[in-house]
Every structure is written in C-alpha cells, then in structure tokens.
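For reference, the structure is listed below as structure tokens.
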C-alpha cells in the first residue's frame, strides 16, 4: 500500500467512525445485525459489515459472545 492508498483508506475509515461508531451488534434469528450509533439497522451489504464481520465472527466463535459494542475501526 503506497502513501496515497493509505491516506485514502485512513480518510474513509475516519468518515465511517464519525458517522456510524460506536456500533452495536447482536445475533437475531441466526443473523448478525449491526446498528449504527443512532440505533439504525445497517443493511447486510453495508461496508461496515465487510469491515467488522471477521471481528464479530471471532467474538462469537472464540468467546461465545452474541452481542457487543465496537467503538472504533
């Protein structure tokens, strides 16, 4: 990743953090639901799912957690 790509990535993530975080997540009917800081349910094709899916999966798989809060990317 060169400096420009890193800067673009950093700016994109700062935007997401400001707009959506902290997010909450929970398992509901065997599906992961993610809500933004204002409580709105994010659609499954939202970029936040792509960013946080692995982390949430680890929480479920490794620690048997079925809900939580993520404060930042």
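The values are calculated or read from the model by the stated rules, or taken from the named source; none is laboratory data. Model, not experiment: these values are computed from the prediction. For neighbour counting, all protein chains shown are included, and Cβ atoms are generated from backbone atoms with ideal geometry for every residue, glycine included.
Please go through region 53-72 and pick out each residue that is surrounded by 12 or more Cβ atoms within 10 Å (Cβ to Cβ) and in a helix (DSSP H, G or I).
53, 55, 56, 59, 60
In region 26-37, is there at least one residue being on the phi > 0 side of the Ramachandran plot and free of Cβ contacts under 8 Å to residues at least 24 places away in the same chain?
yes
Identify all residues within region 4-45 that are assigned to a strand (DSSP E or B) and either surrounded by fewer than 14 Cβ atoms within 10 Å (Cβ to Cβ) or at pLDDT below 95 (or both); write none if there are none.
Residues satisfying the conditions are 27, 28, 31, 41.
Just to be sure I understand, how many residues within region 37-73 are touching a helix residue (DSSP H, G or I) at 6+ places or on another chain (Cβ under 8 Å) and within 16 Å of residue 22 (Cβ to Cβ)?
The number of residues fulfilling the criteria is 9.
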